[in-house]
1. Counting only other residues whose beta carbon sits under 10 Å from that of Phe42, what net charge do I get with K and R as +1, D and E as -1?
2. Fewest Cβ neighbours within 10 Å first, please rank Tyr60, Tyr6 accordingly.
3. Hey, what's the Cα Rg ratio for region 11-86 versus the globular rule of thumb, 2.2 N^0.38 Å?
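Just so you know, all these numbers are worked out from the coordinates, no wet-lab data involved. These numbers come from a predicted model, not from an experiment. All Cβ positions, even for glycine, are placed from backbone atoms using ideal geometry, and neighbour counts span all protein chains on display.
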Amino acid sequence: MRRVVYLGRHLMLKSKYLDKLGNGRFTTIRLGIIRPKYREVFIHSGGMVVAKARIVNVLYKRVSELTDEDAVADGFTSREALIDELRGGIYGNITNNDWVTILTLEVTKAIGRRDDGSIGLSPVDIARLALRYNVPLSEEERRVLQELVNEGSVRKAAVKLFNSLRGGRVVIRRIIRKSLKHLIRMGVITDY
């Protein structure tokens, strides 16, 4: 099977594989041809965003070409253990001729409350998550968040939307704080 899937900004990871994130760099093997649209992704697990990561390598192989080295890099003891998990625990009936994608990712931010009270996400990241998870906001607030995502910075969005750096930043930061509170309340981001 040659299934092509385009990966957006969000990658799901089963909670039993969360310990991979602690290594800083990890791989995940997915069925089909995965074509990332972006280099940076949010890692989701258990209904929460747990990390932000950068895709550093993408490799395509057939199941028959997987090696013990691929398996160990993905956290398994052997190629056989990896294939058993792919067949039994994740994808079901796959053949040796099916394509898989080996994504190598590097964790750039663990997401959760920091000692300094910050959450470890940029305003643009919070805006993306708020829009994706339909945080309850007014249409105007959603428009501001979308413009923040489009522009890539609070400064640029403030000037474009409000023709005022100082006043615009105050409004945008208020909406970001409100969005963050909702994301935490909704359980999308942990508050620990």
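1. Spelling it out: positives minus negatives among the neighbours equals +3.
2. Tyr6, Tyr60
3. Values: Rg = 12.6 Å, N = 76, 2.2 N^0.38 = 11.4 Å.
That works out to 1.11 for region 11-86.
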